[in-house]
1. Taking the Cα atoms of segment 394-508 alone, what are Rg (to one decimal) and Dmax (as a whole number) in Å?
2. Using the Cα centre of segment 319-391 as origin and beta-carbon charges of +1 (Lys, Arg) and -1 (Asp, Glu), tell me which of THR363, ALA386, PRO328 is placed farthest towards the positive end of the dipole.
3. Hey, any idea what the orientation-averaged projected area of the convex hull of segment 72-213's Cα atoms comes to, in nm²?
4. With all protein chains present, calculate the accessible area of HIS251 using a 1.4 Å probe and round the result to the nearest 10 Å².
5. Which whole-number percent gives the relative contact order of segment 329-487, counting Cα pairs below 8 Å spaced six or more residues apart?
6. Counting residues in segment 146-236 as N, plug N into 2.2 N^0.38 Å and put the Cα Rg over that result.
7. Each residue of segment 175-183 in order: what ³J(HN,Hα) in whole Hz does its phi give by Karplus 6.51 cos²θ - 1.76 cosθ + 1.60, θ = phi - 60°, with x for Gly and Pro?
8. Under a Cβ-Cβ cut-off of 11 Å, what is the net charge of the residues other than GLN59 that fall near it, where Lys and Arg count +1 and Asp and Glu count -1?
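The values are calculated or read from the model by the stated rules, or taken from the named source; none is laboratory data. Only a predicted model underlies this, so the values are computations on that prediction, with no experimental measurement involved. When we count neighbours, we look across all protein chains shown, and the Cβ atoms used for this are built from the backbone with ideal geometry, even at glycine. Surface areas here come from the heavy atoms of the whole protein model, side chains and all, with no ligands, DNA or RNA. Shrake-Rupley method; radii C 1.70, N 1.55, O 1.52, S 1.80 Å.
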Amino acid sequence: MCNNNLFKALLLSVSIGLFISCDKDYNEIGEGLIGENHFDLDSENFSVVAYNQEISPIQSNNLPINALGIYNNTAFEKTTASFATEVALATVSPVIGVNAVIDSVVIDIPYFVDVTKTTSITAAGVAAGNTYVLDSIYGADKAKIKLSIYESGRYMGQQTGVGQLFYTNQNTEFDGKKIGDRLNDATDKSQNDEFFFNPKQHVFSTTVDNVTTKTYGTPSMRLRLNNDFFKNKILNAPASALVTNEAFKRHLNGLYFKVEQSGTDSGSLAMMNFARGTITIKYKEDLVTTTATTRVDKTIVLNLTGNTASLLDKTNPNTAYTSAINTPDKDLGDEKLYLKGGEGSMAVLKLFGPDNFGDDGLTGTPNGVADELDRIRKNKWLINQASLILTVDAASMANSYEPERLYLYDFTNNATILDYFIAAASTSKYVSKFTFGGYLKRDATTQKRGVSYRINLTSHIRNLVKNTDAKNIELGLAVTEDINIADFYKLKTPSGSFIQAPVTSVMNPLGTILHGSNSTDANKKLKLEIYYTKPN
């Protein structure tokens, strides 16, 4: 999740991006060269109307990354993120012998680590593991939350052959259907009531023939779970419940991770890949032979795979935020744009202003095309580069974590725009689609606060100019957790034509406040900047 290795990867992506952007048809209308050195090119800022759009409860099942914990973003609201998941047998139909007794049950879910800050430890000249810095943790260092893991009573599999959808606002339902006492019931409060995301490595000791060997594991959520529960649910289960994972998931619906505030502690929130998690049941059973009966060690592993749900509770909303998303100005645009992940908000953009005139953009009756776009087409400009420039409202964001990247898409059709489609992809989300932009530019001070975002929509504008039948669709602007994910999730309650929002926005717990198209600061208001060449 860390982007400290960004520089080298960016150089490669820039080189590739600049190479493939050279356009042999430079003299065609709407075509040109993309580059940062504009020389004697003309430039102009064009109209944008941008307004806030609330993202109401939204589909949140089977996300690749999920939030867990508490994050109080004073610019927006307090979010408490719980989670539910199915559980699967790593090996179905385990053979469980006679007199099986559990030694331990441990759940282990790795954290994301900033690999650039990992340092080795040496003790008495011998390697002794590493020190780590966790990545994608939001909140005070080692801030506590109350974490309780329960058996879930909510079946998450298919119903009448159709997969279920789960939404961000279903935490109350899952909480009401939890079964029994919490499973992480150790007396050590760091395992439950005072849990925190611990960056320390795990140290494991093994003694064989009086020789102790130590091994080391990376930081993870590693908790002891109740032995009796798993004895009854797994070791004493009927064989029919363990024969397939479909049968097993009806026997054990899954686990529910409930998050609450720990005393007066503010808490923290982590992004986690639960699918990498395991539950390891270690037990002993009798091995019976014709000559003797001996005790042997056995293991059963459960994987945290299957259907999942991200469950978000929102409290303590900032009144300026709620006012902005509840009363957007769709005609003139909003002064500030509030982009918030999860069950949050985004912005809708309309380019090139009103349609008051005919084909020349100056006279006649409205023709269904924005006048500014009509004038560009009539003048046959060659579009060299087009960018959206969005300035962060630094005062409003002073005490908040800031999203590293924004995502611009076709809001009208819930699709990607051309610039996203043609930008080179990479397995690393930090540099993938680099020429598409959307990166946060930070200031040079020690605080490294966000200054602005720039998004490339050159090809989108070229297409509008070159193809008179191209529609000037509305654009959506949202935070993104992973630019490689371009899918959309359904709103629980659609609002008019707004029925979906980007999955990658649902994944991201952060938000940013931007100067909008109706900002009172003319130097910071949202801009559509176009560099162009006039034909000879």
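1. 15.5, 50
2. ALA386
3. One quarter of the hull surface, i.e. the mean projection, equals 15.2 nm².
4. Approximately 50 Å² for this residue.
5. Worked out over segment 329-487, it gives 29 percent.
6. Here the answer is 1.49, to two decimals.
7. Listing the rounded values in order: 5, x, 10, 5, 10, x, 8, 5, 8 Hz.
8. Neighbourhood net charge equals 0.
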